[in-house]
1. Name the residues in the stretch 111-152 that are modelled with pLDDT under 90 and not in a loop (DSSP other than H, G, I, E, B), would you?
2. Among what's in the stretch 76-85 and is in a helix (DSSP H, G or I) and not aliphatic (A, V, I, L, M), pick the residue that is surrounded by the most Cβ atoms within 10 Å (Cβ to Cβ).
3. Restricting to the stretch 57-95, name every residue that is more than 30 Å from ARG132 (Cβ to Cβ) and of a type in the set (S, T, N, Q).
4. Looking only at the stretch 123-132, filter to residues that are touching a residue at least 24 places away in the same chain (Cβ under 8 Å) and open to solvent by 40 Å² or more (accessible area, probe 1.4 Å); which one of those is nearest to THR63 (Cα to Cα)?
5. Return the pairs, sorted by first residue and then second, in which the second residue is in a loop (DSSP other than H, G, I, E, B) and open to solvent by 90 Å² or more (accessible area, probe 1.4 Å), the first residue lies in the stretch 41-69 and is within 22 Å of ASP123 (Cα to Cα) and modelled with pLDDT under 95, the beta carbons are less than 6 Å apart, and the residues are 6+ apart or on different chains.
6. Quick one: how many residues across the stretch 133-149 are surrounded by 10 or more Cβ atoms within 10 Å (Cβ to Cβ) and among the small types (Gly, Ala, Ser)?
Amino acid sequence: MTKAKDPSLSSPGNPSDDPSLESLVARFVHHMQVRHMSAATIQLRRTYLKRFLTWCDQRGVTTLPEITREVVQSYQRYLYHYRSGRTGKPLRFNTQVSLLVPIRSWFRYLVHEQLTDVNPALDLELPREPQRLPKRILSIDEVERILNGADVTPSGCVTAPCWRCCIPRRCVAPS
């Protein structure tokens, strides 16, 4: 025998009464509060979701079924090409990720709560920060000076003076 849901527990609002995107975001915010997420995280996710919904509304996407995989990917491209009105610079990759993660979480929540059958953000690939070389690397002379001043144990591990650099701890013997 399945247990019927108590309608008083489905706060805030019943999605069948108000299927607006804003009400679904409000339910998601309530869900995050119940899970004791930090107030800052909740506020940022709410803000970023409202930004996404504003973008959708400007394109005539006003209901949940209208948000498709293509819409989410289009928003991701928009973020990639977006330029700050103040500086003219593009959004950094980690900023783009910060704006996309709440959308992915929101749809995961909607599917989990059976408010939708489709998760258009399911296979969303988040931008990755490009790998960069260090700005300054050691010259050959600097490397030789370090290695000439270092003690090497019979096992090949470096002891002093370089034990605090990027050498694995298992290879560092105290001097």
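The values are calculated or read from the model by the stated rules, or taken from the named source; none is laboratory data. All values reported here derive from a predicted model rather than from experimental measurement. We place every Cβ from the backbone using ideal geometry, glycine too, and count neighbours over all the protein chains shown. Note: areas computed on protein heavy atoms with side chains; ligands, DNA, RNA excluded. Shrake-Rupley method; radii C 1.70, N 1.55, O 1.52, S 1.80 Å.
1. ILE140, ASP141, GLU142, VAL143, GLU144, ARG145, ILE146, LEU147, ASN148, GLY149, VAL152
2. The extreme case among them is GLN76.
3. GLN58, THR62, THR63, THR68
4. ASP123
5. Partner pairs satisfying both residue conditions: none exist.
6. 1
Residue-by-condition table, conditions (1) loosely packed, with under 13 Cβ neighbours inside 10 Å; (2) touching a Gly at 6+ places or on another chain (Cβ under 7 Å); (3) in a helix (DSSP H, G or I):
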{"position": "GLN33", "(1), (2), (3)": "yes, no, yes"}
{"position": "MET37", "(1), (2), (3)": "no, no, no"}
{"position": "LEU49", "(1), (2), (3)": "no, no, yes"}
{"position": "TRP55", "(1), (2), (3)": "no, no, yes"}
{"position": "THR62", "(1), (2), (3)": "yes, no, no"}
{"position": "SER74", "(1), (2), (3)": "no, no, yes"}
{"position": "THR87", "(1), (2), (3)": "yes, no, no"}
{"position": "VAL97", "(1), (2), (3)": "no, no, yes"}
{"position": "VAL101", "(1), (2), (3)": "no, no, yes"}
